[in-house]
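K.L.:
Here it is, the structure, as structure tokens.
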Amino acid sequence: AGSVELIKTSKFYDSHRAVDGINLKVPGGSYCCLLGPSGCGKSTTLRMIAGHEEVSDGDILLDNRNVTSLSPRQRGTAMMFQNYALFPHLSCRDNVAYGLKIAGKSKAERYRAAEEMLELVNMGAFADKLPGQLSGGQQQRIALARALICRPDVVLLDEPLSALDPFLRVRMRKELKSLQQQLGLTFIHVTHSQEEAFALADLAIVMSDGRIEQSGHPRHIFEAP
Ligand code: ADP
Ligand code: ADP
């Protein structure tokens, strides 16, 4: 489960080709890093996989199923953002449970699942805190728990570590990798950092100007850091 395939997928903004007919295959259970300079089309690619952005051309397959015209919820992917996007007035428990509210689960079910997810990211003791009472790394764990509560096969992360200080960044990247392996999920992680891709990825994809310039194991396409 969790394979992702793009077939000649493009996104045009007026006449500008933000993503220009890319072909991409991410096997289920891989940790994929998407790299490249600012403006090369990484976020647009991620948003098209999630279904937050319509494709202009081409197809998107999840587990060999064509999902190009499906909504984000129907696709069963989860997205996690740089700024965490937590609700400041809701407790951590309610922030995590929120994903299930939309799915129509009872409050008892939502809270039971939220507690379980909070334990998974080592934040069980913080269920009643507000996001503002937490450190950056802790808020990121809550955002991850919120993304995982819908049991996605594919998790899409847009520069999830870039708001953290360097010490926390290294620690959180270990936690991301260990969670991805433990749960057997596919992660597609946008980053500017080759070092991050080296530490995390089984598959690194380097984009440039809307196209894929290189792809492979980071050992094979980058110099060791
Ligand atoms: P990256 O994530 O690699 O920094 P993006 O995917 O955000 O790149 O953007 C790719 C290109 O598409 C950039 O030139 C950007 O300015 C353009 N772009 C992104 N979103 C929009 C939009 N909503 N409207 C117009 N142009 C956009
Ligand atoms: P990134 O962190 O990926 O580089 P940006 O800061 O470039 O993202 O873009 C943030 C938001 O602005 C995105 O939702 C993107 O779609 C939108 N955007 C980016 N470039 C343009 C553009 N040229 N015109 C309109 N919207 C844009």
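K.L.:
Largest first, please: the extent of the C-alpha atoms of segment 95-225 along each principal axis, to the nearest Å.
P.N.:
That gives 50, 30, 27 Å along the principal axes, largest extent first.
K.L.:
Continuing with the same structure: Pop out the ³J(HN,Hα) list for segment 214-221 in order, Karplus 6.51 cos²θ - 1.76 cosθ + 1.60 with θ = phi - 60°, rounded to Hz; leave Gly and Pro as x.
P.N.:
Couplings: 8, 8, x, 5, x, 4, 8, 10 Hz.
K.L.:
Along each principal axis of its Cα atoms, how long is segment 1-74 end to end? Whole angstroms, biggest number first, please.
P.N.:
That works out to 35, 25, 20 Å along the principal axes.
K.L.:
A further question follows. Roughly how big is segment 1-146's charge dipole about its Cα centre, with Cβ charges of +1 (Lys, Arg) and -1 (Asp, Glu), in debye to the nearest 20?
P.N.:
The dipole magnitude comes to about 240 debye.
K.L.:
Can you tell me the FRET efficiency between residue 171 and residue 65 if r is taken as the Cβ-Cβ distance and R0 is 35 Å, rounded to the nearest 0.05?
P.N.:
The formula returns an efficiency of 0.45 here.
K.L.:
What net charge do the residues around residue 184 carry, taking every other residue with its C-beta under 14 Å from that of residue 184, with Lys and Arg at +1 and Asp and Glu at -1?
P.N.:
Result for the local shell: -1.
K.L.:
Would you mind working out the magnitude of the charge dipole of segment 60-210 relative to its Cα centre, with +1 at each Lys and Arg C-beta and -1 at each Asp and Glu C-beta, to the nearest 20 Debye?
P.N.:
Its charge dipole is roughly 540 debye.
K.L.:
Expressed as cubic angstrom per residue, what is the convex hull volume of the alpha carbon set of segment 165-225?
P.N.:
Spread over its residues, the Cα hull of segment 165-225 gives 93 Å³ apiece.
K.L.:
Rounded to whole Å and sorted largest first, what semi-axes of the equivalent ellipsoid does the C-alpha gyration tensor of the chain yield via the square root of 5 times each eigenvalue?
P.N.:
Over the Cα atoms of the chain, the semi-axes work out to 29, 21, 15 Å.
K.L.:
Can you spot the lysines whose alpha carbon is less than 27 Å from residue 105's alpha carbon? Ignore those fewer than 8 places along the same chain.
P.N.:
Excluding near neighbours in sequence, the set is 129.
K.L.:
Between segment 76-125 and segment 137-173, how far is it from one alpha carbon centroid to the other, in angstrom?
P.N.:
Centre-to-centre (Cα) distance: 13 Å.
K.L.:
First select every other residue whose beta carbon is under 13 angstrom from the beta carbon of residue 222; then total the charges, Lys and Arg +1, Asp and Glu -1.
P.N.:
Neighbourhood net charge equals -3.
K.L.:
Work out, in µm²/s and without decimals, the Stokes-Einstein translational diffusion coefficient of segment 62-104 at 20 °C, 1.002 mPa s, Rh from Kirkwood over C-alpha pairs.
P.N.:
The Stokes-Einstein estimate is 171 µm²/s.
K.L.:
Still on this structure, I have one more. I'm checking a number: the convex hull volume of the Cα atoms of segment 27-68, normalised per residue, in Å³. What is it?
P.N.:
That works out to 85 Å³ per residue.
K.L.:
Additional query: Taking only C-alpha pairs under 8 Å that are 6+ residues apart, what is the relative contact order of the chain in percent?
P.N.:
Contact order relative to length: 29 percent.
K.L.:
Could you check which residue among 108, 163, 85 shows the biggest mean-square fluctuation in a GNM of the chain with a 10 Å Cα cutoff?
P.N.:
108
Each value in this text was obtained by applying a stated rule to the coordinates, not by laboratory testing. Quick caveat: nothing in here was measured; it's all calculated off a predicted structure. With ideal geometry, Cβ positions are generated from the backbone for all residues, glycine too; neighbour counts draw on all protein chains shown.
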